[in-house]
1. Quick check on my filter: what residues within region 88-107 are surrounded by 16 or more Cβ atoms within 10 Å (Cβ to Cβ), of a type in the set (G, A, S) and more than 9 Å from ligand 2 (Cβ to nearest atom)?
2. Please tell me if V145 is buried (at least 24 other Cβ atoms within 10 Å of the Cβ) and either out of contact with any Lys or Arg (no Cβ under 6 Å at 6 or more places or on another chain) or closer than 23 Å to G40 by Cβ (or both).
3. Give me a count of the residues in region 90-111 that are within 16 Å of ligand 1 (Cβ to nearest atom) and either closer than 21 Å to E22 by Cα or without any contact (Cβ under 8 Å) to a residue 12 or more places away in the chain (or both).
4. Of the conditions (1) in contact with a Pro (Cβ under 8 Å, 6 or more places away or on another chain); (2) at pLDDT 95 or above, A102 clears all except one; give me its number.
5. Kindly establish whether A242 is among the small types (G, A, S) and under 22 Å from the mean Cα position of the chain (by Cα).
6. How about region 42-63: which of its residues are more than 17 Å from the chain's Cα centre (by Cα) and crowded, with 19+ Cβ neighbours inside 10 Å?
7. So A154 fits all but one of (1) under 29 Å from G91 (Cα atoms); (2) at pLDDT 95 or above; (3) among the small types (G, A, S); what number is the exception?
Amino acid sequence: MKTRAALMREPGRLEVAELDVEEPRPDEVLVRMVAVGVCGTDLHSYKGEWNRPTPIVLGHEGTGIVEAVGGDVDGVSEGDRVVLSWAPSCGECGACRRGRPAACVPLSTAIGRGTLLGGHTGLSLGGETVYRGTATGALAEHVVVAAGAALPLAADVPLEHAALLGCAALTGVGAVLNAARPERGFSALVIGAGGVGQFVVQGARIAGAAAVLVVDPVESRREQALRLGATHAFGPDDVREALRAFDPEGVDYAFDAVGAPETTALALRWTRGGGTTVVVGLPAAGARLDLDPLDFTNREKTLTGTIYGSEDPAVALPQLLELVRSGELELASLVGPSFPLERADDAFQASLAGSPGRVLVTP
Ligand SMILES: [Zn+2]
Ligand SMILES: [Zn+2]
């Protein structure tokens, strides 16, 4: 069959092309995409900061409706609403055995090679292989993925809102609830109030933070963070003054939702002695940290990281949906501008420009 997709032939530009799609294999499903969020991971590829094969279809955070299932699939059926997970893991490697499918070794290889977990892409254009961003390639009208990558979504959450659950919410909320696991009454610093950062803020509120300090250069993002549970928000130039005024020793937990070496250094700097720095955002390829070992000896800080919320998405998604239903987790106000597939390139530009709210493409 054919599908229209946002194709990146080289970094910095997306264009719509009609691709050939292989029929679903026995363990795969065909999903008609309804909403796809633009994630920082997509932007790394778009900016050429990661080495990915091209032409490639980016996008990995989305929702849609199952249109066909392979013969061996029994978890989802035609007509089901689903949230895509980008971690349909092998189930056998060390990471999978300890319940971290997003850290699955064969999955990491597939993501680097621009394929699905099985090593194929199932996509081509005029006989040329087309690759898949983050083992998914969701920026298309139709997507074939492993059945394990299509997680059922109940009817009470709009598909446009639920798209954010697929990566930003799982990542941001999980960074607090599963990776940091703080005691109630803690203080948190969140660096970066983009899509993931806003969910870190909400995760901190849900976990019972006494104070949530947010740093972001964009005022509208700071305002949004304050509405979602932040107690303090300031721009990068005011970090030192604001943190000193709050507590010169720093915070219990500092979350770097950006992932650049300088933001991770900032998070570690303002983590108090005995506290924990959690790296949530992904760095550009080749990034390196300059660390002071005394932070870990004399000051007993912990520096750790988290991928995809440090939990199996199939386990974490139903938990997030419960938080949405109880009103604790806000989705609607985090949805930003939405663009049709033809304007996927504009969507990426809007996201790069720091649009408040998650930019969506609605294929
Ligand atoms: Zn993502
Ligand atoms: Zn694995």
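1. Listed by number, the list holds a single entry, A102.
2. Working: buried (at least 24 other Cβ atoms within 10 Å of the Cβ): yes; either out of contact with any Lys or Arg (no Cβ under 6 Å at 6 or more places or on another chain) or closer than 23 Å to G40 by Cβ (or both): yes.
Against the criterion (buried (at least 24 other Cβ atoms within 10 Å of the Cβ) and either out of contact with any Lys or Arg (no Cβ under 6 Å at 6 or more places or on another chain) or closer than 23 Å to G40 by Cβ (or both)), V145 qualifies.
3. So the count comes out to 4.
4. Answer for A102: the failing condition is (2).
5. Details: among the small types (G, A, S): yes; under 22 Å from the mean Cα position of the chain (by Cα): no.
So A242 fails the test.
6. R52, P55, I56
7. Result: A154 passes all but (2).
Quick grid of which residues meet (1) among the aromatic types (F, W, Y); (2) within 19 Å of L341 (Cα to Cα); (3) touching a strand residue (DSSP E or B) at 6+ places or on another chain (Cβ under 6 Å); (4) in a strand (DSSP E or B):
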position	(1), (2), (3), (4)
P26	no, no, no, no
V34	no, yes, yes, yes
D42	no, yes, no, no
G48	no, no, no, no
N51	no, no, no, no
I65	no, yes, yes, yes
C90	no, no, no, no
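The values are calculated or read from the model by the stated rules, or taken from the named source; none is laboratory data. Here the structure is a predicted model, which means the values were calculated and not measured. Don't worry about glycine lacking a Cβ; one is built from the backbone with ideal geometry, like all the others, and counts go over all protein chains shown.
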